[in-house]
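Nothing in this text is a laboratory measurement; each read-out follows from the coordinates by a stated rule. These numbers come from a predicted model, not from an experiment. Note: ideal-geometry Cβ built from the backbone for every residue, glycine included; neighbour counts use all protein chains shown.
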Amino acid sequence: MSAFLKAFALNTWEMVAEMAPYLIFGFAIAGLLHILIRKEQVQRLLGKPGLSSVLKSCAIGVPMPLCSCSVIPVAASLRKSGASRGATAAFLSSTPQTGVDSILATYALMGGLFTAVRVAVAFVSGIVTGFLIELFCKEKAEPLPPTTPTPAINLSPTPNLTLNPASTPSKITSMSMIKTEKPQVSGLQPQVSPLKSPPSGLPKRSLSAALRYGFINLPADLAVALLVGLGLAGLITTLLPADLISGSFSTGPLAFLLATVISLPLYICATASIPMAYALMAAGLSPGAALIFLITGPATNTTTIVTIWKLIGRKATLIYLGCLTVIAWLAGWLLNSSLTSSAMEHAAHDHADMQPALWQHASGVALIVILFVSLYTMHQPKQATKSCCCAN
């Protein structure tokens, strides 16, 4: 039991240390987006339902060097700024699969054809996933704010007001004088008070606002989901054998299923997964199964699943997972059908075990501090307000 707990703690912490730099980087990007991108711009580009917003999300997301952890706060920021569910899902699907760094690394180890297929699958999966979510998960119309009713003006003449030729001119004159008279104060001119604050939809453009949103507000919203996802991922990593997808599970539909089951819940960075997939292929895993591993691994994991469940809902999350799985299997089958075994032969390379470096451990400590401090800070105003009310 103690050995299992030790292995669980070690695997969980290594995952925290590996993903912490990317996640902190994602928090920083989300903070910059908060002050640089206005909600009106996001709503105009990505907020409209339909294929246009989905295409824009994929075009933006595919080249961005964001992995499956750092994309979470950025996608949450876009969603909070008004992006539609389909556009958010397309960004979440296409962005972590590829990036400038992972594209170059894939080309170096697996060649140009494999790289082109991986980029194309990232773009297509984002489009299909986002479009289906737009089609089957309609946004709920926000209720209009309550308006204060305008008091009715009674235009009917009063009973004691009689019109006759003798009295009408005098009464009209007196009424017109009452309406046109205005108080006159010498020495004073009418002034128009300027707006003291920007409209509520515009974020404050300051570094402090970016830091507070990126490292306080957003981590507090995602902290519980991230911690739960990390714990589940560490548990799955501890329970799975290291050589599970070798031997008789190397080729055929069983290899596809096994690669999907393993990579779907685990956190696998788009760049860090490349030498892992290369090593599995060298051990006998088919290229199609390795491609499935590279698609479903970075785009889905327990942390991402729990978080997107919160961002876009249960039905959209199920569509997200189903689309990625089907497209990954189809792409893997097409790749195996078009390639021979000799086409994927490469010179052997020695890859050291990817243990977190010292700076990654420091980033892991910083991430844990950010999550707990953000939770504590966001709960402070409520506690302070309650104590003041009790004192009164």
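Suppose we look only past 16 Å in the calculated P(r) of the range 255-309. What percent of the Cα-Cα pairs does that tail hold? Percentage above 16 Å: 35.
Using θ = phi - 60° in the Karplus curve 6.51 cos²θ - 1.76 cosθ + 1.60, the 3J(HN,Hα) couplings for the range 109-124 round to 9, 10, x, x, 5, 4, 5, 5, 5, 5, 5, 5, 5, 4, 5, 5 Hz; x is entered for Gly and Pro.
Normalising the Debye intensity of the range 1-126 to I(0), with uniform scatterers on Cα atoms only, and taking log10 at q = 0.09, 0.12, 0.18 Å⁻¹ returns -0.32, -0.53, -0.94.
Look at Ile133, Ile127, Ile368 and count the other Cβ atoms within 10 Å of each Cβ; fewest to most, that gives Ile368, Ile127, Ile133. Post the alpha-carbon centroid distance, the range 1-34 to the range 293-338, in whole angstrom. Distance between centres, Cα-based: 21 Å. The simple Förster model, with R0 at 25 Å and r as the Cβ-Cβ distance, assigns Ala108 and Leu330 a FRET efficiency of 0.45.
Taking other Cβ atoms within 10 Å as a rough exposure proxy, Cys67, Cys323 sort from fewest to most as Cys323, Cys67. In terms of other Cβ atoms within 10 Å, Ser273, Ser57, Ser81, Ser2 run from fewest to most in the order Ser2, Ser81, Ser273, Ser57.
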